[in-house]
Amino acid sequence: MNESAGHIPSTANGCLDYGLCCYPCDTFDENTPPVDDPEYISSLGAAIFKGMQSGDSNAIWLMQGWLFSYDPFWRPPQMKALLHSVPMGRLVVLDLFAEVKPIWITSEQFYGVPYIWKVTVLFLIANNMMSFS
């Protein structure tokens, strides 16, 4: 695939050719934090990002947004605390399954944090191209 066909050029280590490295980390995708205090949640997010920065000062955290769609723990204060615990532009959320259950609509577009609207094609294929009406 080439750039003109929508390919984002990357190196073997997962970094973009532009010198930016994205690190996927879905700490709370299947684990709910033990406390719902926004300050505590913010401290967890900041610690995760600090770990990424310890190895790469230009790190960008790439987070799946599933957790915000199915776990009632993630109300607006908790969601904002996690999303805003990382400097703006250093966290990107994948709005997975956005063609069916978009999170950006119910979260004021992830409260200003950059996100990618994504179609999860393999999920649809695995489920016999389910029809949603």
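The values are calculated or read from the model by the stated rules, or taken from the named source; none is laboratory data. Just so it is clear, the model here is predicted, and its values are computed rather than measured. Glycine gets a Cβ as well: all are built from the backbone with ideal geometry, and neighbour counts include every protein chain shown. Side chains included, ligands, DNA and RNA excluded: accessible areas come from the protein's heavy atoms. Shrake-Rupley method; radii C 1.70, N 1.55, O 1.52, S 1.80 Å.
Can you tell me which residue among 86, 92 is open to solvent by 20 Å² or more (accessible area, probe 1.4 Å), aliphatic (A, V, I, L, M) and at pLDDT 90 or above?
Just a single option satisfies the conditions, and that option is 92.
Taking the residues in segment 48-65 that are in a loop (DSSP other than H, G, I, E, B) and touching a helix residue (DSSP H, G or I) at 6+ places or on another chain (Cβ under 8 Å) as candidates, determine which candidate is modelled with the highest pLDDT.
Top of the filtered list is 59.
Just the residues that are farther than 16 Å from residue 34 by Cα and either open to solvent by 30 Å² or more (accessible area, probe 1.4 Å) or out of contact with any strand residue (DSSP E or B) (no Cβ under 8 Å at 6 or more places or on another chain) (or both), please, taken from segment 69-83.
69, 70, 76, 80
For residues in segment 107-120 being hydroxyl-bearing (Ser, Thr, Tyr) and closer than 12 Å to residue 65 by Cα, which is nearest to the chain's Cα centre (by Cα)?
If we take residues in segment 107-120 being hydroxyl-bearing (Ser, Thr, Tyr) and closer than 12 Å to residue 65 by Cα, then 115 is nearest to the chain's Cα centre (by Cα).
Considering only segment 54-63, state which residues are surrounded by fewer than 17 Cβ atoms within 10 Å (Cβ to Cβ) and either closer than 14 Å to residue 29 by Cα or touching a residue at least 12 places away in the same chain (Cβ under 8 Å) (or both).
Passing the criteria: 56, 58.
What residue, of 68, 97, is under 14 Å from the mean Cα position of the chain (by Cα) and not in a loop (DSSP other than H, G, I, E, B)?
Answer to the check: 68.
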